[in-house]
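Sending over a structure as structure tokens; questions will come in a sec.
The values are calculated or read from the model by the stated rules, or taken from the named source; none is laboratory data. Everything numeric in this text was worked out from a predicted model, so none of it was measured. When we count neighbours, we look across all protein chains shown, and the Cβ atoms used for this are built from the backbone with ideal geometry, even at glycine. Surface accessibility is based on the protein's heavy atoms, side chains included, excluding ligands, DNA and RNA. Shrake-Rupley method; radii C 1.70, N 1.55, O 1.52, S 1.80 Å.
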4 protein chains.
Amino acid sequence: MQAITYHGARDMRLQDVPAPEVEAATDVVLRVTRSTICGSDLHLWHGAMPSPETGFTVGHELVGVVEEVGSAVHTLATGDRVFVSAVLGCGSCPRCRRGLYSACAVTTAGGTRSNVLGFGSAYPGGQAERIRVPFADVNVFAIPDDVTDEQALFLTDILPTAYMAADFARVEAGSHVVVFGCGPVGALAQRCAQVRGAARVIAIDPDEGRLALAGKRGCDVIHPEKENVLQRVLELTGGEGADSVIEAVGRAELVSQAALLLRAGGVISVAGVIVANVDLPWALFLLKNLTLRGGLVNPQQYAAQLLALIQGGRLDPSELITHRMPLAEGAAAYELFASHADGVLKVVLEP
Amino acid sequence: MQAITYHGARDMRLQDVPAPEVEAATDVVLRVTRSTICGSDLHLWHGAMPSPETGFTVGHELVGVVEEVGSAVHTLATGDRVFVSAVLGCGSCPRCRRGLYSACAVTTAGGTRSNVLGFGSAYPGGQAERIRVPFADVNVFAIPDDVTDEQALFLTDILPTAYMAADFARVEAGSHVVVFGCGPVGALAQRCAQVRGAARVIAIDPDEGRLALAGKRGCDVIHPEKENVLQRVLELTGGEGADSVIEAVGRAELVSQAALLLRAGGVISVAGVIVANVDLPWALFLLKNLTLRGGLVNPQQYAAQLLALIQGGRLDPSELITHRMPLAEGAAAYELFASHADGVLKVVLEP
Amino acid sequence: MQAITYHGARDMRLQDVPAPEVEAATDVVLRVTRSTICGSDLHLWHGAMPSPETGFTVGHELVGVVEEVGSAVHTLATGDRVFVSAVLGCGSCPRCRRGLYSACAVTTAGGTRSNVLGFGSAYPGGQAERIRVPFADVNVFAIPDDVTDEQALFLTDILPTAYMAADFARVEAGSHVVVFGCGPVGALAQRCAQVRGAARVIAIDPDEGRLALAGKRGCDVIHPEKENVLQRVLELTGGEGADSVIEAVGRAELVSQAALLLRAGGVISVAGVIVANVDLPWALFLLKNLTLRGGLVNPQQYAAQLLALIQGGRLDPSELITHRMPLAEGAAAYELFASHADGVLKVVLEP
Amino acid sequence: MQAITYHGARDMRLQDVPAPEVEAATDVVLRVTRSTICGSDLHLWHGAMPSPETGFTVGHELVGVVEEVGSAVHTLATGDRVFVSAVLGCGSCPRCRRGLYSACAVTTAGGTRSNVLGFGSAYPGGQAERIRVPFADVNVFAIPDDVTDEQALFLTDILPTAYMAADFARVEAGSHVVVFGCGPVGALAQRCAQVRGAARVIAIDPDEGRLALAGKRGCDVIHPEKENVLQRVLELTGGEGADSVIEAVGRAELVSQAALLLRAGGVISVAGVIVANVDLPWALFLLKNLTLRGGLVNPQQYAAQLLALIQGGRLDPSELITHRMPLAEGAAAYELFASHADGVLKVVLEP
């Protein structure tokens, strides 16, 4: 079958690879109907998160149709339209029982490998015609009839990540929320903050096109290079500061800046992937009683809730899709997505 | 000054009464600019909640302007536009410190009198030209410039009651919520459920006009005399039942019925004033792990959050105002409100 | 193999039944090393919860050693010392994903049968030499070396039930907690309230022997037929009433009485199995803002936490064991347990 | 009257100062019966937190008897035995309404001065014969008859600080908790973790005497210079890491180290006063989904709960008192306390 495979920085290739089969009784094999490229795939593409391995199939955002079902799987049947959790849990280890699938002791083999689809040869990804998913009763979810494939595609990673950001930020009805970043995760975090009842969402991004889209989403917007961010946030929050700040960019210095923008008792929630240490201005934590929270998403935790929001018409993440391309043009799709050109937010790949 | 006073069932009278003055250092006196009649005022009007006293000024939903300020009040100044909490707390007894102002040991004089404005001579009400409010730093709130008097009027009781209902019901993003009742409290409870992110709000009321308005508000609607309520709720919730049911009518049998409509783990939240005992089908509680919660509102707890929602354009409770009348026509206003005639939902009285 | 089987009211028999085998890839078969009789087994014994079936093996509290492991089970191996959850979940249906294993759509076959071990032929019980447990990765837990079999025996049902009661009651450091009942569940609920930091636990029971034991456990005690319960509770709580009341008897009228004993904002938590409707004094709920919660336990939810408490020496549920008998004398053990004679609290059966 | 006053680093003096009087209707004046020196007083003594002012009375931990009551105070009367919150709130500003008295806009005069007793001339402290306390209904609490002055003395600051640490750390029944520091705050944080049900409390301190006391308190102990902290914590927590780490020393590097010691999903709670920035290893936050929380205490929030624990015999903070001296020897008391000599943990000053 055809698959996009990783061969080093800026070297994604369309290759013929063996089609997967059910290996364990808890596996399913899916025919992939749509996949997409995530910001974290770009870490691979940029070589910033180099796996010692090469040649494996990439991609962790996908929907498909069940083709083969392991004998121990009881929630799925052949022909089911499904989405997967990009992060694979076993469902039964102490960490999965706490909902921390991302730290699953079993699928990470005791912390020695990634349990995210498409980040190594243990779990080949979904930018391919078919994919095997282990512990299917834990990691694969049926798509209801009134949810489209393109909507469900966002449930594998990016929408739960955005929702987690709003959840960690304790956004509630009446909250004033700052979101650093108007890329795909930031945009969805803004939507999630709104759906939880935020009275005001303040979006910050130096990209004027993305900032304008945030304005259309109903956010107040701040261009950080043209405006004084602290002064504007204070104006927009009655002088008190924001209830919470969501970091959806992945830059350590924004965490420090967030502490300035918060009211007493506020929360910083980090959804961006920050690779450096964070230099935390503790005096602000002390005087303002702040909370900082971050981590990897556990899509399984939010699946039912987010499906209900899509079904109820409260969220439509497919609004972010700007481009659709055949799987065979995957390498070009990576180029486009990395470039930020042509207003690209999300590229859907169709086998 | 002029005031509407209580003299028994269906006997509200406009009278001249002495104007109030600051009595304690923690009091303020307000010039009332608008008041309105609440469903609980009708209990008085119907004689169902008879006070042994008569002749006192009624009304607990009001906004005004500060005219006189006690020497110990530090959050308010003469000329401030304000709303009050209908329920008076002292702010410092053990119950107030828990946020349970409605059970305040001080203002209820140890449980021997009502601490709601306008339900006895201890705290004459606000359907009058002026009113004294005790413990003003606890019970009186400034109205921001971007909130109108008619919006703030709802913050004294009915909007916090509706929000409390959604809060007790643990409505969160993605919830399926049933609301019994499309009167003023039910309508606002539907709005509050939506603003907290409910994926679906299901409104039930036999009044077709009110039900149609709920439909316009974005609710799914059920006419309980024309449709099978249980069957419809199951259809609308994927066969699982609702996450929560809000009772906003005040009838004991709806609590029992609510237990039928809930999914496992669901919550019944009672905002209606029920005067009978509730016959609870415990088998459903046992099998489905249900929670039941109810009580009197503490408007102080929700004031900041609800103000922010109004300021952010997320809620506009003044949508419920159907009639405006001069204070002098108060008795007629009670007749109208009690009759449900002319599509009446909320009558504003202007001195 | 030998097993205790149900044949109608007061008719438990030791019989030879076929030994169970692994049927599904997710099953395990255990050699039972100890079992015990639960208060809910007495419902069967009294014929109060009659199954249409007879002849099935009873018993849902047990520990054992893994003898056979289905091919899809990944958390257990032959020879592991284990305890089981008395309530069987599939782990993957929407209800299990919420932690509501007791309402599992799969193991209850859509609500058509009990998913508790030993309450029908679908899931034969553990008062036997061997038992099959389905969905073993969900329902079976390894016992750490520093926890004895007799301690772990309580983790299958009765200790998590008691802990759930304290959890539903929101017992926290400093709470004043009333517990109706000093039987096995009540006694453990008192312990769980203490371990969560209750400042005062008030035990109520007409059985003087059990009440004296509660006193030794550090509880204040009230004999309901010799003392005025309300007056004593008010004295012991500074006149305010209790923060929460745990019902661990199973009598509807105690729920109503609980509402009287609570402070404003208090909680009633029902752990007892009540078969009648509950007549709820709503006026107290309204004036005091009360919460009522009850349901069946989900032992899976509390397993890790309770194991840690036993390992840390904070709880030792084996203190309740008063009698040990061979499995072959199971019928006599039921007689003894039902009689309350000889100070019996818990009878351990050893094959 | 006599008072200990601040005149620069290592220069505390006993002086005659004017006795305070009620200035506002919401004030009380107390006759101080006991005070004590807090670790944060040492910041003044060391000159590390220099106020531009000198000559003011120091001390924020005190109990006393009400001598004079402002006309607007309704919860206190002359002769009441009381403790105070060291942090002064107004009770009615938006921050106090959230429970964040430490950030009170009124008592800090908009953030321009400290609202802690004894840290400037605005609010002279309690190492004196008398003290004025503003907003007495908010900041002063009656001591029940069954609580001694020496127990209540700890409720002004240090016990609520320790409890806050356990609260921020989300310590619950069964938790494994690491506490850095066995000084007064660390010792009480260990007690608070135990009272909330921690299965295991692991105390770390290089002071062997203090560490031995922690062992007597029931903690597992680690000497950080003699043992490998990470290895020992993993051994004591079944290889998973701690559920939470409490920093009760005030050193930034311990926050970074805490991230290493935590299990996935763990929490760092900082009670120590850290004056440097914190260098946060974000990779650990990302991989393990960690939370960091810190801030100044709000003693008002925990007063009722901690009183109940003392009354119920669950906590006795007076166990920390090692020395008692007359107020007149206050300067010597500072020397002793700063020296860590003679096993000093807490010095009580008696006027």
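Output wanted: per-residue J couplings in Hz (rounded whole) for region B:126-136, from phi through Karplus 6.51 cos²θ - 1.76 cosθ + 1.60, θ = phi - 60°, x for Gly and Pro.
x, 8, 6, 7, 9, 8, 9, 10, x, 6, 4
HN-Hα J couplings of region D:101-115 from phi, Karplus 6.51/-1.76/1.60, θ = phi - 60°, integer Hz, Gly and Pro as x?
Result, ordered by residue: 4, 5, 9, 3, 5, 7, 6, 8, 6, x, x, 9, 8, 6, 9 Hz.
So, R0 is 41 Å and r is the distance between the beta-carbons of C:Ala332 and C:His223; what FRET efficiency does that work out to, to 0.05?
Between C:Ala332 and C:His223 the formula returns 0.85.
For region C:1-47, which trypsin sites (Lys or Arg not before Pro) are both in a DSSP coil and crowded by at most 13 other Cβ atoms within 10 Å? Don't skip to the answer; put the middle values down first.
Numbers: sites: C:Arg10, C:Arg13, C:Arg31, C:Arg34; in loops: C:Arg10.
Those that pass, being in a loop and sparsely packed, are C:Arg10.
Separate question: Nothing charged except the Cβ atoms of Lys and Arg (+1) and of Asp and Glu (-1): what's the magnitude of the dipole of chain A about its Cα centre? Round to the nearest 20 debye.
Numbers: 27 positive and 38 negative charges, 183 e Å.
That gives a dipole near 880 debye.
Taking the Cα centre of the protein assembly as shown as the origin, how large is its charge dipole in debye, to the nearest 20, when only Lys and Arg (+1) and Asp and Glu (-1) carry charge on their Cβ atoms?
It works out to roughly 0 debye.
For peptide C:263-276, how many partner chain Cβ atoms fall within 10 Å of a residue's Cβ, on average? Mind dumping the intermediate values first?
Numbers: counts 5, 10, 7, 0, 2, 1, 0, 3, 0, 1, 2, 5, 3, 4.
Partner-chain Cβ atoms within 10 Å, mean over residues of C:263-276: 3.
Using label points projected 7 Å from each Cα along Cα→Cβ, tell me how many nm separate B:Arg251 and C:Glu23, to one decimal.
It is 4.7 nm.
I need the inter-copy label distances for D:Ala304: point set 7 Å along Cα to C-beta, values in nm with one decimal, smallest first.
Ordered by distance, the counterparts are at 1.9, 3.3, 3.4 nm.
Using only the Cα atoms of chain C, build the gyration tensor, take square roots of its eigenvalues as a ≥ b ≥ c, and label the shape rounded, prolate or oblate: rounded if a/c is under 1.5, else prolate if a/b is larger than b/c, else oblate. Write down the numbers at each step before the final one.
Numbers: a/c = 1.77, a/b = 1.64, b/c = 1.08.
Since a/c reaches 1.5 and a/b is larger than b/c, the shape of chain C is classed as prolate.
Taking a label point 7 Å from Cα toward Cβ, how far is A:Gly218 from its twins in the other copies, in nm, shortest first?
Result, one decimal in nm: 0.6, 5.1, 5.1.
Continuing with this model, one more query. For region D:264-276, what does the Karplus curve 6.51 cos²θ - 1.76 cosθ + 1.60, with θ = phi - 60°, yield as ³J(HN,Hα) per residue in whole Hz, taken in order and with x for Gly and Pro?
Karplus-based 3J(HN,Hα) across region D:264-276 equals 4, x, x, 10, 9, 10, 10, 9, x, 8, 9, 9, 8 Hz.
Local charge sum around C:Leu345 (other residues, Cβ-Cβ under 11 Å, Lys/Arg +1, Asp/Glu -1)?
Combined, the nearby Lys, Arg, Asp and Glu give -1.
Between D:His46 and the same site in the other copies, what are the distances in nm, shortest first, taking label points 7 Å from Cα along the C-beta direction?
For D:His46, the other copies' label points sit at 4.1, 6.6, 6.8 nm, shortest first.
If we count every other residue with Cβ under 9 angstrom of D:Gly120's Cβ, Lys/Arg +1 and Asp/Glu -1, where does the sum land?
Charge balance near D:Gly120 sits at 0.
For chain D, what relative contact order do you get, as a whole percent, if you take Cα pairs closer than 8 Å and at least 6 residues apart?
Reported relative contact order: 17 percent.
To the nearest whole number, what is the average tally of beta carbon atoms from other chains within 10 Å of the beta carbons of peptide C:97-110?
Mean inter-chain Cβ contacts per residue within 10 Å come to 3.
Treating only the Cβ of Lys, Arg, Asp and Glu as charged (+1, +1, -1, -1), what charge dipole size does region A:159-294 show about its Cα centre? Round to the nearest 20 debye.
Dipole magnitude for region A:159-294 comes out near 320 debye.
To confirm my reading of the symmetry, which residue of chain C has the Cβ nearest the axis that brings C onto A, and what whole-Å distance does it have?
C:Ala72, 2
Counting only residues 5 or more places away or on other chains, whose amide H sits under 5 Å from the amide H of D:Gly118 once H atoms are built in the peptide plane?
Sorted by chain and number, the residues that satisfy this are D:Tyr123, D:Gly125.
Of the options A:Tyr6, A:Gly265, A:Leu76, report the single residue whose Cα projects farthest towards the positive end of the charge dipole of chain A (beta-carbon charges: Lys, Arg +1; Asp, Glu -1).
Most positive-ward Cα: A:Gly265.
Still on this structure, please answer the following. Rounded if a/c is under 1.5, else prolate if a/b beats b/c, else oblate: with a ≥ b ≥ c from the C-alpha gyration tensor eigenvalues square-rooted, which is region C:159-294?
Working: a/c = 1.25, a/b = 1.20, b/c = 1.04.
Here region C:159-294 falls in the rounded category.
Over 29 Å between Cα atoms: which of C:Lys216/C:Lys288; A:Lys216/B:Lys216; C:Lys226/C:Lys346; A:Lys288/D:Lys288 fall into that group?
C:Lys216/C:Lys288
Same structure again: Hey, if you put +1 on the Cβ of every Lys and Arg and -1 on every Asp and Glu Cβ in region B:139-271, which of B:Val185, B:Ala173, B:Gln231 ends up farthest toward the positive end of that dipole?
Working it through, the farthest residue towards the positive pole turns out to be B:Gln231.
In 5 Å bins starting at 0, how do the alpha-carbon pair distances of region D:202-274 split up by percent?
4, 17, 25, 28, 21, 5, 0
On to the next question. If r is the Cβ-Cβ distance from C:Val65 to C:Thr112 and R0 is 22 Å, what FRET efficiency results, to the nearest 0.05?
Efficiency, rounded to the nearest 0.05: 0.10.
OK, next. Would you tally the net charge around A:Val185, using a Cβ to Cβ cut-off of less than 15 Å, leaving A:Val185 out, and scoring K and R as +1, D and E as -1?
Summing Lys/Arg as +1 and Asp/Glu as -1 gives -3.
At 1.4 Å probe size, with the rest of the protein present, what percent of the exposed accessible area of the protein assembly as shown is carbon and sulfur atoms?
49
If you count, for every residue in C:32-45, the Cβ atoms of partner chains within 10 Å of its Cβ, what is the mean?
Average neighbour count from other chains, rounded to a whole number: 0.
Interface A/D, total buried accessible area with a 1.4 Å probe, nearest 100 Å²?
What A and D bury together is about 3100 Å².
Here is a further query. What residue among A:Ala128, A:Ala142, A:Ala109 has its Cα farthest toward the positive end of the dipole of chain A, where the charges are +1 on Lys, Arg and -1 on Asp, Glu, each on the Cβ?
Result: A:Ala109, furthest along the dipole toward the positive end.
Starting at 0 and stepping by 5 Å, how many percent of the alpha carbon pairs of region A:2-115 end up in each bin?
All Cα pairs, binned at 5 Å, distribute as 2, 11, 15, 20, 22, 18, 9, 3, 0 percent.
Hey, could you get me the Stokes-Einstein D for the protein assembly as shown, Kirkwood radius over alpha-carbon pairs, 10 °C and 1.306 mPa s, rounded to whole µm² s⁻¹?
Working: Rh = 33.6 Å.
In µm²/s, the coefficient is 47.
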